[in-house]
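Encoded as structure tokens, the structure appears first; notes follow it.
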Amino acid sequence: MAEAVTPTPLLKDELDIVIPTIRNLDFLEMWRPFFQQYHLIIVQDGDPAKTIKVPEGFDYELYNRNDINRILGPKASCISFKDSACRCFGYLVSKKKYVFTIDDDCFKINALEQHIKNLLCPSTPFFFNTLYDPYRGGADFVRGYPFSLREGVPTAVSHGLWLNIPDYDAPTQLVKPLERNTRYVDAVMTIPKGTLFPMCGMNLAFNRELIGPAMYFGLMGDGQPIGRYDDMWAGWCTKGLPYIYHSKASNPFVNLKKEYKGIYWQEELIPFFQSVALPKDCNTVQKCYIELSKQVRAKLSKVDDYFVKLADAMVTWIEAWDELNPSPADLSNGSSK
């Protein structure tokens, strides 16, 4: 009898899975059917002396704070400590075209497959299609949709949602402590151009080659006046529908302590991002991000001195990105010593 052949998953050699964690990764057992053939980058937060156990059979790299300091040197200051924002170090060291990132308290629904489909399928940000995803089987562009826009554009970010524990801020958690999301909606839609959205890093995939340098999760956690706005910051800077099962509700009182400045600040940040304009000579993600850092410094420093520090970290992040991810031209120049 012929032995069953395991099919090669989509993007097997083109996608890394980045997981930030402070605990043993027993949750991977639930994801084994979907993750085992992919490469994992695990970013250990907190005490680097602690040993993190990873189930056998997974292909992975594991980095702790000592590794981050060793690899980045002084530039390690741009990587948050004691906050899930540390995950963006995994984006730096990945060498793959795509990244999927997930939290260690999320359990099995095959979100990765839908993320991959989203990333490989065009988006339609310039004109909304009332059948949502027009490239899906059984759907198409509706009457009145311009033919010149039907080719779409490459998808940069696939943003997943979640079942069970909603991703609420602390005040909403406090007034709705028992609320659970049980409604699965089988739909994919493009967020229109110019529309901001609250991006969650819990269940997220992106084209690293296309948008990677802008996926910086800011300065959060230890030593910073704010937390839990890392993914929001990246989402506002960069500006999709797989689901995962979010199993652990974080403590709303702890969250409120982390979030309370962000809750005030976001009323200033959102108008700032709505009005940002980049000059035409910003023709790479890195140039755009450096320009954005200048505007953050100039316009948001009046909100709080934290944004001066954040602007500096944004520049450091791009320097670290370019150091670990040199362009082909840089490699060519570097080889002719």
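The values are calculated or read from the model by the stated rules, or taken from the named source; none is laboratory data. Predicted model only: the values in this text are computed from it and were never measured. Heads up, the Cβs are rebuilt from the backbone with ideal geometry, glycines too, and the neighbour counts pull from every protein chain shown. For accessibility, only protein heavy atoms count, side chains too; no ligands or nucleic acids. Shrake-Rupley method; radii C 1.70, N 1.55, O 1.52, S 1.80 Å.
Computed in the context of the full set of protein chains, the accessible area of the range 90-143 at 1.4 Å probe radius has 54% of its extent on carbon or sulfur. Rounded to the nearest whole Hz, the Karplus-based 3J(HN,Hα) values (6.51 cos²θ - 1.76 cosθ + 1.60, θ = phi - 60°) of the range 221-233 follow the sequence x, 4, x, 10, x, 8, x, 6, 10, 4, 5, 4, 4, with x at glycine and proline.
If R₀ is 30 angstrom, what is the calculated FRET efficiency for the pair Asp312 and Ile270, using the beta carbon separation as r and rounding to 0.05? It comes to 0.85.
Distance from the Cα centroid of the range 167-218 to that of the range 1-77 is 22 Å (rounded to whole angstrom). In this structure, the amide hydrogen of Trp162, modeled 1.01 Å from its nitrogen in the peptide plane, lies closer than 5 angstrom to those of Ile244, counting only residues at least 5 positions away or on a different chain.
Surface composition of the range 265-315: carbon plus sulfur atoms hold 53% of the accessible area, using a 1.4 angstrom probe and ignoring ligands, DNA and RNA.
Under the definition of Cα pairs under 8 Å and six or more residues apart, what whole-number percent is the relative contact order of the range 1-122? Don't jump to the answer; show the numbers that get you there.
Working: 165 pairs, mean separation 42.0, N = 122.
Once normalised by length, the contact order is 34 percent.
Here, the chain is characterised by an Rg to Rh ratio of 0.96, where Rg is the alpha-carbon radius of gyration and Rh the Kirkwood radius.
Using the Cα gyration tensor of the range 118-220, with a ≥ b ≥ c the square roots of its eigenvalues, what is the shape: rounded (a/c below 1.5), prolate (a/b larger than b/c) or oblate (neither)?
It comes out oblate by the Cα gyration axes.
What the chain shows is 51 Å² of accessible area per residue, with the surface traced by a 1.4 Å probe over protein heavy atoms. Going down the table (Lys117/Lys176; Lys53/Lys97; Lys12/Lys294), which pairs top 29 Å between alpha carbons? Going by Cα-Cα distance, Lys117/Lys176; Lys12/Lys294 fall outside the 29 Å limit.
With the Cα gyration tensor of the range 1-127 giving a ≥ b ≥ c as the square roots of its eigenvalues, does the rule (a/c under 1.5 for rounded; else a/b larger than b/c for prolate; else oblate) give rounded, prolate or oblate?
On the way: a/c = 2.04, a/b = 1.33, b/c = 1.53.
Judged from the Cα gyration tensor, the range 1-127 comes out oblate (a/c at least 1.5, b/c at or above a/b).
Based on a Kirkwood Rh over C-alpha pairs, give the Stokes-Einstein translational diffusion coefficient of the range 92-151 at 4 °C and viscosity 1.567 mPa s in µm²/s. Answer from the Stokes-Einstein relation: 91 µm²/s.
Sequentially through the range 295-303, phi angles give Karplus couplings (6.51, -1.76, 1.60; θ = phi - 60°) of 6, 4, 4, 6, 9, 9, 5, 5, 6 Hz, Gly and Pro residues having no value and appearing as x. Phi angles of the range 185-198 translate, via the Karplus equation with coefficients 6.51, -1.76, 1.60 and θ = phi - 60°, into HN-Hα couplings of 10, 8, 8, 10, 9, 8, 6, x, 4, x, 9, 7, 8, x Hz per residue; Gly and Pro are given as x.
Counting only DSSP beta bridges whose two residues both lie in the chain, roughly 40 percent are antiparallel.
Across the range 187-205, the residues whose backbone nitrogen lies under 17 Å from the label position 7 Å along the beta-carbon direction of Lys299 are 194-197.
Identify the residues of the range 79-112 with backbone N under 19 Å of a label point that sits 7 angstrom from the Cα of Asp26 along the Cα-to-Cβ direction, or state none. What the label zone holds, given the 19 Å backbone N cut-off, is 103-109.
Placing +1 on each Lys and Arg Cβ and -1 on each Asp and Glu Cβ, with no other charges, gives the range 50-148 a dipole about its Cα centre of roughly 320 debye. For Lys299, the solvent-accessible surface computed with a 1.4 Å probe is close to 100 Å², ligands and nucleic acids excluded.
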